[in-house]
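The values are calculated or read from the model by the stated rules, or taken from the named source; none is laboratory data. Worth saying up front: this structure is predicted, and the values here are computed from it rather than measured. Reconstructed Cβ throughout: ideal geometry from the backbone, glycine too, with neighbour counts over all protein chains shown. Calculation scope for accessible area: heavy atoms of the full protein, side chains included, ligands and nucleic acids excluded. Shrake-Rupley method; radii C 1.70, N 1.55, O 1.52, S 1.80 Å.
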Amino acid sequence: YQIDEDDVNSYYGNLNLFFPIGAGLGCIIAGILASKVGRVRTVIACEVYILMVYGLMLIDNIWMLNVSRFMSGIGAGITSTVGPISTTECLPKKWQGPFGVMMYIWFTVFVVITSAMGLIWHTNANYE
């Protein structure tokens with residue numbers, strides 16, 4: 001990407017901002033899609049959607065990267081809302097609770113791990 005040195009921090013901040021906004025919107029959309037289309041079909045369609053969005057990330061344009069980050073956030077929000085519901089429907093009653101929260105536990109663990117990796121491997125040049 002052709003970015004000026006002065007604009008790197010603002011673009012980096014925008015890339016990190018658009019994903020959670022899209023994920024919040026995706027969580028709202030997930031309930032509507034799951035009710036109208038069905039949970040399993042929603043998850044399958046969302047995975048196809050996410051693969052197409054990752055194709056958009058290959059375009060060498062910073063604005064398209066921002067849009068694709070927002071769109072991938074929508075996909076992540078839909079998948080993280082409907083996925084655990086679909087998973088727990090296939091399980092016996094005694095296992096639904098533990099497996100229902102398992103995705104969120106692992107998500108939290110990996111967020112902590114990646115944050116720790118960022119603290120360990122960052123250089124001061126990235127923050128100047």
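Remarks
- Taken over the chain, the convex hull of the Cα atoms encloses 112 Å³ per residue.
- Residue 95 - accessible surface, heavy atoms, 1.4 Å probe, Å² rounded to 10: 120 Å²
- Computed from Cα atoms alone, the Kirkwood hydrodynamic radius reported for the range 15-59 is 11.6 Å.
- The charge dipole of the range 39-128, taken about its Cα centre with unit charges on the Cβ of Lys, Arg, Asp and Glu (plus for the first two, minus for the last two), comes to roughly 460 debye.
- Sequence of 41, 69 from largest to smallest accessible area, 1.4 Å probe: 41, 69
- Residue order by solvent-accessible surface for 117, 52, 71 is 52, 117, 71, largest first, with ligands and nucleic acids left out and a 1.4 Å probe.
- Taking the longest Cα principal axis of the chain as reference, the axis of helix 62-89 is set at about 20 degrees.
- Take the Cα of residue 35, step 7 Å toward its Cβ, do the same at residue 14, and the gap between the two points is 3.5 nm.
- Max mean-square fluctuation residue, GNM over the chain, Cα-Cα springs under 10 Å, options 35, 86, 115: 115
- Among 56, 16, 37 - extreme Cα towards positive end, dipole of the range 12-97, charges at beta-carbon: 37
- Exposure ranking of 19, 99 by accessible area [1.4 Å probe, largest first]: 99, 19
- Ellipticity at 222 nm from helices only: DSSP H runs of n ≥ 4 in the chain, each -39500 (n - 2.57), divided by the residue count, give -29000 deg cm²/dmol.
- Proximal charge balance of residue 53 [Cβ under 12 Å; K/R count +1, D/E count -1]: 0
- Cα-based helix-to-principal-axis angle, 8-36 vs the chain, degrees rounded to 10: 20 degrees
- Spin-label model, residue 96 to residue 61: label points 7 Å out along the Cα-to-beta-carbon direction sit 4.7 nm apart.
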